[in-house]
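Down below is the structure, laid out as structure tokens.
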Amino acid sequence: MNTKTLAMLCKLCPFCNVARLFPGSKFAKMMVEAEKNCPACKAYRELYGWPEAKT
């Protein structure tokens, strides 16, 4: 699939949206592990970047 299309899927994902809104939350930290296997999250990060969760 196209990188822009995959990034759009990540942009619409409710789980990813919550993780981006609250980057310091426990949920966002769990999503960091989940996004390692998600091609949509990888495409989103490649196009837009995504700051790491603060510890």
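Work out the FRET efficiency for PHE22 and GLU46 from their Cβ-Cβ distance, taking R0 = 35 Å, and round it to the nearest 0.05.
About 0.95, to the nearest 0.05.
Using the Karplus curve 6.51 cos²θ - 1.76 cosθ + 1.60 with θ = phi - 60°, work out ³J(HN,Hα) for each residue of segment 25-39 in order, rounded to whole Hz, and write x for Gly and Pro.
Each residue's phi maps through the Karplus curve to give 7, 5, 4, 5, 5, 5, 5, 4, 5, 5, 6, 5, 9, 9, x Hz.
Using just the helices of the chain, give the 222 nm mean residue ellipticity in deg cm²/dmol: DSSP H runs with n ≥ 4 each add -39,500 (n - 2.57), and the total is spread over all residues, rounded to 500. Working shown, then result.
Working: 4 runs with 38 residues, N = 55.
Rounded to the nearest 500, the figure is -20000 deg cm²/dmol.
Every read-out reported here was derived from the displayed coordinates using simple, explicitly stated rules and does not represent laboratory data. Please read these numbers as outputs of a predicted model, since none were measured by experiment. Ideal geometry is used to build each Cβ from the backbone, glycine not excepted, and the neighbour counts take in all protein chains shown.
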